[in-house]
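Below: the structure, in structure tokens.
The values are calculated or read from the model by the stated rules, or taken from the named source; none is laboratory data. Please read all numbers here as calculations on a predicted model, not as lab measurements. Cβ placement follows ideal geometry from the backbone for every residue including glycine, while neighbour counts extend to all protein chains displayed. Surface accessibility is based on the protein's heavy atoms, side chains included, excluding ligands, DNA and RNA. Shrake-Rupley method; radii C 1.70, N 1.55, O 1.52, S 1.80 Å.
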Amino acid sequence: MKQKIVINVVKMNCEKCKSKAMKIAVKAKGVTKVEIQGEHKDQLVVIGDEVDSVKLTRSLRKEFQYANLLSVQEEKEKKEEKKEEITLMQWPTVSYYQQYPIPCDPNPSCSIM
């Protein structure tokens, strides 16, 4: 079951802090994707299979002193099915060679045998 976990981390002001938070999240078991979102770029979105959200929040609290678990949702995979109609066209057959009838005599006067 894929999960989408959103964690609010307050002290992610600089790029170094953001990369440190992402490194902590990536080390967690089952994580497949990590993003930084939110209006102030202070929310860490973690997507993965059977990720322990409480353990991840605790490890972020150890480093940043304040991390709040906002939501844990089941991630639904987006399947984009595009059904295109296929129209088969048959091209006209064009013969590049002229066809001539071969005359056939019922009584051949000359035979090679």
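Restricting to the range 1-34, name every residue that is in contact with a helix residue (DSSP H, G or I) (Cβ under 9 Å, 6 or more places away or on another chain), open to solvent by less than 60 Å² (accessible area, probe 1.4 Å) and of a type in the set (A, V, I, L, M). Write out each step before concluding.
We begin by selecting, within the range 1-34, every residue in contact with a helix residue (DSSP H, G or I) (Cβ under 9 Å, 6 or more places away or on another chain); these are 3, 5, 7, 9-12, 17, 20-21, 24-25, 27-29, 31, 34.
Keeping just the survivors that are open to solvent by less than 60 Å² (accessible area, probe 1.4 Å) gives 3, 5, 7, 9, 12, 17, 21, 24-25, 28, 31, 34.
Of everything in the range 1-34, those that are in contact with a helix residue (DSSP H, G or I) (Cβ under 9 Å, 6 or more places away or on another chain), open to solvent by less than 60 Å² (accessible area, probe 1.4 Å) and of a type in the set (A, V, I, L, M) turn out to be Ile5, Ile7, Val9, Met12, Ala21, Ile24, Ala25, Ala28, Val31, Val34.
Among the residues making up the range 37-78, those that are at pLDDT 90 or above and under 19 Å from the mean Cα position of the chain (by Cα) are Val45, Val46, Ile47, Gly48, Asp49.
Among the residues of the range 35-60, those that are surrounded by 18 or more Cβ atoms within 10 Å (Cβ to Cβ), touching a helix residue (DSSP H, G or I) at 6+ places or on another chain (Cβ under 8 Å) and farther than 18 Å from Lys76 by Cβ comprise Leu44, Leu56, Leu60.
Within the range 51-68, one or more residues are assigned to a strand (DSSP E or B) and not basic (Lys, Arg). Could you please tell me which pairs satisfy a Cβ distance under 8 Å, a separation of 6+ or placement on different chains, a first residue in the range 10-32 that is within 25 Å of Glu50 (Cα to Cα), and a second residue that is of a type in the set (Lys, Arg) and open to solvent by 90 Å² or more (accessible area, probe 1.4 Å)? Listed by first residue and then by second, the contacts come to Lys18/Lys41; Ala28/Lys55.
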